[in-house]
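Values in this text are rule-based calculations from the coordinates and carry no lab data. Worth saying up front: this structure is predicted, and the values here are computed from it rather than measured. Counting neighbours? That spans all protein chains shown, and the Cβs are built from the backbone with ideal geometry, glycine included.
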Amino acid sequence: MNLMFSMTFPAYHPRTGQQTGFVEKILAGTKIHTVRKGYNLWKRFDGKRVALNVWEGKPYRSKVVPFATAVLSVDKIAGYDFIVGRPGIHFTRDILGTPFSWEEFSYDDGLTLEDFLSWFKNDKYSLVGCACIWFDDVKPMGHYDH
């Protein structure tokens, strides 16, 4: 299984075309998870090592470049609400046994809170029922050069 990352922000995002820095953040250990549709698909890879890849250019239309492998831990995002103008997320199990911080969750996903909310405010994405995929034991693959 390959887990793909985009090098640039999507067309609907206010920062469209700018670099995401996801590869560097994953390798540095500051992007420790990603949110993806299809919890049932991703749950099959809980505890398994998979390849982490980046699209060299436009997703699905450019070369795939592997940059690391990681063991995945998969949680289901069970609920998503807005309380006093701030979103809240509920998982099927508690996040590392600590209180939830939306700002910290965004940062751990490699984005500012503003960038994260802009990524998921698009009608194409809803966090409910998505998978939160945590990266454990990240191992770089050779020399990544973008």
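Suppose R0 equals 22 Å. What FRET efficiency, 1/(1 + (r/R0)^6) with r the Cβ-Cβ distance, do M1 and K37 give to the nearest 0.05? E(calc), rounded to 0.05, equals 0.90. When each of the peptides 104-115, 40-51 is scored by how many other beta carbons lie within 10 Å of its residues on average, the order from highest to lowest is 104-115, 40-51. With both labels modelled 7 Å from their Cα along Cα-to-Cβ, the L27 to K48 distance reads 2.6 nm. Among the listed pairs K48/K121; K63/K139; K25/K121; K31/K58; K37/K121; K37/K76, a Cα-Cα separation exceeding 19 Å is found for K48/K121; K63/K139; K25/K121; K31/K58.
Here the simple spin-label model places points 7 Å from the Cα toward Cβ, and for V71 and L117 these points are separated by 3.6 nm.
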